[in-house]
1. Among the β-branched types (Val, Ile, Thr), within 16 Å of the ligand (Cβ to nearest atom), touching a helix residue (DSSP H, G or I) at 6+ places or on another chain (Cβ under 7 Å) and part of a loop (DSSP other than H, G, I, E, B) - does that describe any residue in segment 108-125?
2. Looking at segment 164-180 only, could you name the residues that are surrounded by 12 or more Cβ atoms within 10 Å (Cβ to Cβ) and in a loop (DSSP other than H, G, I, E, B)?
3. If we scan segment 120-127, do we find a residue that is modelled with pLDDT under 95 and either open to solvent by 30 Å² or more (accessible area, probe 1.4 Å) or over 18 Å from ALA32 (Cβ atoms) (or both)?
4. Just to verify a result, which residue in segment 80-102, among those that are without any contact (Cβ under 8 Å) to a residue 24 or more places away in the chain and more than 21 Å from ILE134 (Cα to Cα), is nearest to the chain's Cα centre (by Cα)?
5. Got a sec? Which of VAL142, VAL153 is modelled with pLDDT of 95 or more, open to solvent by less than 40 Å² (accessible area, probe 1.4 Å) and touching a Phe, Trp or Tyr at 6+ places or on another chain (Cβ under 7 Å)?
6. Could you list, in sequence order, the residues of segment 96-107 that are open to solvent by 50 Å² or more (accessible area, probe 1.4 Å) and either hydrophobic (A, V, I, L, M, F, W, C) or assigned to a helix (DSSP H, G or I) (or both)?
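The values are calculated or read from the model by the stated rules, or taken from the named source; none is laboratory data. Nothing here was measured: the structure is a model prediction, and the numbers come from that model. Every residue, glycine among them, receives a Cβ derived from its backbone with ideal geometry; neighbour counts consider all protein chains shown. Quick note on the areas: whole protein, heavy atoms, side chains included, nothing else; ligands and nucleic acids left out. Shrake-Rupley method; radii C 1.70, N 1.55, O 1.52, S 1.80 Å.
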Amino acid sequence: MSSVGANDISVLRLGHRRERDKRITSHLGLTARAFGADKIILCGEEDKSPLETWSSVTSRFGGNFDCYYEPKPLKFLRNVSKNKSSTIVHLTMYGEGLEKTISKIPDDKSIIIVVGGTKVPGEIFGLADYNISIGNQPHSEVAALAIFLNSWVGKIDPDKRFEGGEIKVLPSAREKKVFIAEEE
Ligand code: SAM
């Protein structure tokens with residue numbers, strides 16, 4: 001298991017559909033950010049809306065989460081695979097179980113976690129260093145990513161991870177409590 005900051009964690013979202021995936025893609029990026037990823041790479045239909053959402057949440061709640069649109073994901077991943085610059089982990093219900101596989105993933109290299117949307121091209125399975133399932137039932141990229149990141153990253157120190165935000169939620173048993181940083 002890596003420790004956050006030991007290496008760069010990116011999420012690559014394949015096959016975003018501007019109308020159909022509006023909410024789930026937005027939630028995928030928020031999940032990536034909240035559970036320790038450093039960036040999300042949006043692929044599929046170009047759409048500035050999720051990028052704006054993620055950037056806005058990062059500026060309000062802190063941290064250095066990055067996001068951008070990649071028009072050619074297969075070319076991008078072929079390059080990564082050729083240069084071995086990062087470990088490619090593809091989350092798919094057809095993969096090998098998380099528990100069995102996670103300890104095999106090198107934790108001294110950056111990692112790109114690939115999740116699908118529309119039909120995932122078969123080539124992805126070959127480009128991935130690891131095809132990993134979170135159970136072998138069909139569910140969702142958000143659930144799969146959350147469970148993988150929680151296992152891979154482990155506990156996050158929010159004060160370190162989300163430094164510099166305007167808003168900080170104060171955990172409360174009954175109320176919505178937030179700390180708002182003074183305007184500089
Ligand atoms: N139609 C896509 C396809 O044919 O591959 C899959 C649709 S699925 C709703 C979207 C994404 O959720 C998948 O590409 C995968 O990344 C993730 N996912 C769904 N179930 C999963 C599971 N059991 N384990 C790991 N990832 C899963």
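1. no
2. GLY165, GLU166
3. Let us first name the residues in segment 120-127 that are modelled with pLDDT under 95, namely none.
No, segment 120-127 has no match at all.
4. Let us first name the residues in segment 80-102 that are without any contact (Cβ under 8 Å) to a residue 24 or more places away in the chain, namely 82-84, 99-100.
Those left that are additionally more than 21 Å from ILE134 (Cα to Cα): 82-84.
On the way: LYS82: 22, ASN83: 22, LYS84: 20 Å.
Of everything passing the filter in segment 80-102, LYS84 is nearest to the chain's Cα centre (by Cα).
5. On the way: VAL142 fails: touching a Phe, Trp or Tyr at 6+ places or on another chain (Cβ under 7 Å).
Testing whether each residue is modelled with pLDDT of 95 or more, open to solvent by less than 40 Å² (accessible area, probe 1.4 Å) and touching a Phe, Trp or Tyr at 6+ places or on another chain (Cβ under 7 Å) leaves just VAL153.
6. Narrowing segment 96-107 to residues open to solvent by 50 Å² or more (accessible area, probe 1.4 Å): 96, 99-100, 103-104, 107.
Answer for segment 96-107, where residues must be open to solvent by 50 Å² or more (accessible area, probe 1.4 Å) and either hydrophobic (A, V, I, L, M, F, W, C) or assigned to a helix (DSSP H, G or I) (or both): GLU99, LYS100, SER103, LYS104.
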